[in-house]
């Protein structure tokens, strides 16, 4: 990637892309990896299927770029498109998401919930995946965005289209329910 383009912020890249579609490749390069991980985390899709969803995300993003409001954060906007596209794909498949979470993700969640010492003593990978899968979708979504995608309350609010206060409430309740599931194990 060109040094000058890598230093451009998202809003500048969007403006350049609206003038010349060739710049969209730089947006793809910037977001490909993190959106692919997000798709896998919320859906449990394999690499090939999640890549197909990601391609749909970038097509929808490109087609709707004129509708992007530069007063908003671009990353929240593209995550919203990703979330909606992934959920639509899951509905088409009529499959309950499996929620792909790797061991590194599990340690990060556990560390932030002050239960990492207990988790390190157990074979926890499969158990924690199961605990996340048991959570109500509304709690699982905010926990994934907060602890795995490292989004702040405002971004989560924009992505899920819920008030920031609701985000905080769901994170707190989700953490409590996660702990309850952990204690049951």
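Here the gap between residue 93 and residue 12, fully extended at 0.36 nm per residue and compared with their Cα-Cα distance, gives a gain of 25.5 nm. Of interest is the spacing of the C-alpha centroids, which for region 27-73 and region 150-169 amounts to 19 Å. In terms of other Cβ atoms within 10 Å, 24, 178 run from fewest to most in the order 24, 178.
Over the C-alpha atoms of region 3-93, the Rg to Rh ratio, Rh being the Kirkwood estimate, stands at 0.98.
Using a 10 Å cut-off on Cβ atoms, rank the peptides 72-79, 6-13 from the highest mean neighbour count down.
Working: 72-79: 19.5, 6-13: 13.5.
Descending packing order for the listed peptides: 72-79, 6-13.
Every number in this text was worked out from the coordinates using simple rules, so none of it is lab data. None of these values were measured; they are calculated from a predicted model. For neighbour counting, all protein chains shown are included, and Cβ atoms are generated from backbone atoms with ideal geometry for every residue, glycine included.
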